[in-house]
Amino acid sequence: MAREQLGVLNALDAAKTQWYHFTAIVIAGMGFFTDAYDLFCISLVTKLLGRIYYHVDGALKPGTLPPNVAAAVNGVALVGTLVGQLFFGWLGDKMGRKKVYGLTLILMVVCSIASGLSFGSSAKGVIATLCFFRFWLGFGIGGDYPLSATIMSEYANKKTRGAFIAAVFAMQGFGILGGGIVGLIVSATFDHAYKAPAYSVDAAASTVPQADYVWRIILMVGAIPAALTYYWRMKMPETARFTALVAKNAKQAVADMSKVLNIDLEAEEDKVIKISTDQTNSFGLFSREFMKRHGLHLLGTTTTWFLLDIAFYSQNLFQKDIFSAIGWIPKAANMNAIHEVYKIARAQTLIALCSTVPGYWFTVALIDIMGRFAIQLMGFFFMTVFMFALAIPYHHWTLEPNRIGFVIMYSLTFFFANFGPNATTFVVPAEIFPARLRSTCHGISAAAGKAGAIVGAFGFLYAAQSTDPTKTDAGYPPGIGVRYSLIMLGVINFFGMLFTLLVPESKGKSLEELTGENGDENDEKQIQMDPSRTVPI
């Protein structure tokens with residue numbers, strides 16, 4: 001027999017958009033700004049690290065990071081993020097969202113600064129300490145994924161919940177853009193202050209000693225936005241859904257939300273006791289009951305995020321080809337070390353400005369109108385189309401007259417990743433699982449995504465190498481080539497479309513209606529059995 005939802009949760013679902021919604025978006029969003037800045041700014045400085053620490057006297061080209069070192073520098077933060085998503089996701093359900101939220105931020109601030117202060121006089125010493133601190137930086141970033149998503153979903157009203165969660169995630173776009181802008185400012189300042197010839201003119205003089213400060217400053221700036229929001233994170237009350245449904249403290253939930261909403265609410269302790277003793281709401285993670293109710297949902301959220309991130313993080317396969325082809329980045333030997341950072345930062349800033357940021361905000365604007373399912377399916381569909389459109393006539397796109405078309409197609413794959421599954425895979429796991437397992441399930445889904453990111457960033461880096469051993473990047477064995485790599489990515493995006501069919505539509509429903517935690521067992525069964533409520537037609 002159905003029971004009414006708790007008054008405090010009903011008040012949150014029905015609340016008009018207020019100032020506290022926007023403050024929650026900013027507080028949670030600045031964490032994601034920092035996450036994206038820290039994860040993506042490393043790509044701005046890897047070339048510089050190669051020039052500084054792996055220079056070979058007499059070489060025709062500037063020094064570059066060996067493949068194993070490049071993989072470590074770029075990938076160690078992704079590994080840390082994966083571990084952090086699992087650990088802090090679980091901890092957020094055990095200790096509460098707020099208690100763990102400050103810990104992740106402190107870790108991010110300390111490790112951002114420590115990454116820039118990586119010590120040692122040898123290449124091995126500097127790279128080893130850099131990798132150590134970037135692992136723990138990633139660990140803190142990983143915690144931000146499930147906690148930010150869960151906090152925002154539990155604070156939001158049901159009418160605009162999708163837009164609010166997507167807005168938090170959209171701050172990633174500004175983080176990538178911010179990284180590019182900081183890179184531009186720092187490199188332009190040093191390039192102007194310390195004039196140096198191109199590598200082809202004077203190899204030794206092309207990398208001035210002060211270049212060592214450039215990469216350190218860029219990495220350390222990531223600590224600033226995180227530090228600025230720490231006080232406000234600590235001022236946020238615990239979410240009412242955790243306090244009432246997990247901690248079973250109705251009085252505290254009402255006290256917290258009465259301040260936030262500026263209304264009087266009733267504690268309803270008897271309802272909390274009934275819900276907490278209801279056997280239908282006490283199953284554990286991976287129990288038979290969980291698998292029956294949410295097994296396919298978890299399979300859907302993990303597989304779609306995994307497949308999406310393979311495609312999303314492998315975009316750097318042809319990024320360097322595009323930038324070089326259209327003249328955004330000249331040949332390395334024709335630049336000095338700091339000017340190369342400037343050129344790379346400019347390219348990243350332009351891509352972020354033209355396709356990455358707009359894609360995120362299209363999702364924010366339309367997710368509560370179109371729904372999560374439609375946007376995710378559409379995104380995977382167009383990513384599939386554009387990958388095949390790039391891959392099948394690949395030789396055509398490499399010809400000089402067609403390179404602008406290649407750039408447009410490349411930008412559109414980014415746009416539809418962000419106005420598509422890159423945003424929705426973050427939103428949906430924060431809505432469809434029970435409160436006591438929400439953060440954990442979001443962490444598992446996000447960790448599957450980071451596993452995909454590792455496959456995409458490194459598996460395809462090797463796969464995309466030319467089949468001709470004389471044309472591979474330094475230190476890499478021959479691969480299957482860019483064309484066949486793009487075909488594989490098109491197939492991966494197609495499978496993303498198929499697995500999207502397992503993900504339920506959550507638009508316009510309360511969190512408790514989606515999970516059955518309001519005690520309405522019949523409604524829960526209907527969600528499971530009615531295809532029109534699981535997969536919109």
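The values are calculated or read from the model by the stated rules, or taken from the named source; none is laboratory data. Note that this is a predicted model, so its numbers are computed, not measured. Every residue, glycine among them, receives a Cβ derived from its backbone with ideal geometry; neighbour counts consider all protein chains shown. What goes into the accessible areas is simple: the full protein's heavy atoms, side chains included, and nothing from ligands, DNA or RNA. Shrake-Rupley method; radii C 1.70, N 1.55, O 1.52, S 1.80 Å.
Checking the Cα-Cα distances for LYS259/LYS509; LYS98/LYS235; LYS158/LYS507; LYS450/LYS471 against a 18 Å cut-off, the pairs over it are LYS259/LYS509; LYS450/LYS471.
Counted by Cβ distance under 14 Å from ASN68, the other residues give a net charge of 0, where Lys and Arg count +1 and Asp and Glu count -1. For the range 443-470 and the range 214-261, what is the separation of their C-alpha centers, rounded to whole Å? Answer, in whole Å: 34.
For the range 16-86, averaging the sequence separation of C-alpha pairs within contact (under 8 Å, six or more residues apart) and dividing by the residue count gives a relative contact order of 24 percent. Other residues whose C-beta falls under 15 angstrom from the C-beta of SER206 contribute a net charge of +1, scoring Lys and Arg +1 and Asp and Glu -1.
Remark: the chain carries a charge dipole of roughly 680 debye about the Cα centre, counting +1 on each Lys and Arg Cβ and -1 on each Asp and Glu Cβ. Using θ = phi - 60° in the Karplus curve 6.51 cos²θ - 1.76 cosθ + 1.60, the 3J(HN,Hα) couplings for the range 185-197 round to 5, 5, 5, 5, 5, 5, 5, 6, 6, 10, 5, 9, x Hz; x is entered for Gly and Pro.
Per q in 0.19 1/Å, what log10 I(q)/I(0) does a Debye calculation on the alpha-carbon atoms of the range 62-194 return? Results for the range 62-194 at q = 0.19 Å⁻¹ read -1.18. Between the listed residues PHE386, VAL482, ALA149, the Cα displaced farthest toward the positive end of the dipole of the chain, a dipole computed from Cβ unit charges relative to the Cα centre, is found at VAL482. For the range 350-430, the orientation-averaged shadow of the C-alpha convex hull comes to 5.5 nm² (one quarter of the hull surface). For the range 142-157, backbone phi angles converted through the Karplus equation (6.51, -1.76, 1.60; θ = phi - 60°) give residue-by-residue couplings of x, x, 5, 4, x, 6, 5, 5, 5, 4, 5, 5, 7, 8, 6, 7 Hz, Gly and Pro being listed as x.
Where a ≥ b ≥ c are the square roots of the eigenvalues of the C-alpha gyration tensor, would you call the range 324-396 rounded, which needs a/c under 1.5, or, failing that, prolate if a/b is larger than b/c, or oblate? Oblate is the answer for the range 324-396, as a/c is 1.5 or above yet b/c matches or exceeds a/b. Other residues within the sphere of radius under 13 Å centred on the Cβ of LEU117, judged by their own Cβ, net out at +1 (K and R +1, D and E -1).
Ranking ASN402, THR301, PHE32 by Cα position along the charge dipole of the chain, where only Lys, Arg, Asp and Glu carry charges on their C-beta atoms, puts ASN402 farthest toward the positive end. When the Cα convex hull of the range 397-456 is projected onto planes of every orientation, the mean area is 5.0 nm².
Projecting the Cα atoms of TYR231, ILE42, SER314 onto the dipole axis of the chain, where Lys and Arg carry +1 and Asp and Glu carry -1 at the beta carbon, places ILE42 farthest toward the positive end. Shown in residue order for the range 286-303 are the 3J(HN,Hα) couplings computed by the Karplus curve 6.51 cos²θ - 1.76 cosθ + 1.60 at θ = phi - 60°: 6, 6, 4, 5, 4, 5, 5, 8, 10, x, 5, 4, 5, 4, x, 5, 6, 5 Hz (x for Gly and Pro). Taking amide H as placed 1.01 Å from N in the peptide plane, the amide H of LYS61 sits under 5 Å from none that are at least 5 places away or on another chain. Computed about its Cα centre, the charge dipole of the range 336-473 is approximately 260 debye, with only Lys, Arg, Asp and Glu carrying charge at their Cβ. Heavy-atom accessible area with a 1.4 Å probe sorts CYS441, CYS354, largest first, into CYS354, CYS441. Annotation: amide H-H contacts under 5 Å for THR239 (H modelled 1.01 Å from N, sequence separation of 5 or more, or interchain): ARG97, LYS98. Can you bin the range 19-120 into rounded, prolate or oblate? Criterion: square roots of the alpha carbon gyration tensor eigenvalues sorted a ≥ b ≥ c, rounded for a/c under 1.5, prolate for a/b above b/c, oblate for the rest. The shape class here is prolate.
The range 283-408: D in µm²/s via Stokes-Einstein (Kirkwood Rh, Cα pairs, 4 °C, 1.567 mPa s)?
72 µm²/s
Percent of C-alpha pairs per 10 Å bin in the range 343-500, short distances first: 10, 30, 38, 16, 5, 0. Read through the labelled values (1) 178; (2) 151; (3) 134 and report the label of the one computed as volume of the Cα convex hull per residue in Å³ from the structure. Comparing each candidate, only (3) matches the computed number. Sequence-distant contacts, meaning Cα pairs under 8 Å at least 6 residues apart, place the relative contact order of the chain at 24 percent.
As a test of reading the structure, rank TRP361, TRP397 by solvent-accessible area (1.4 Å probe, protein chains only), most first.
Descending order: TRP361, TRP397.
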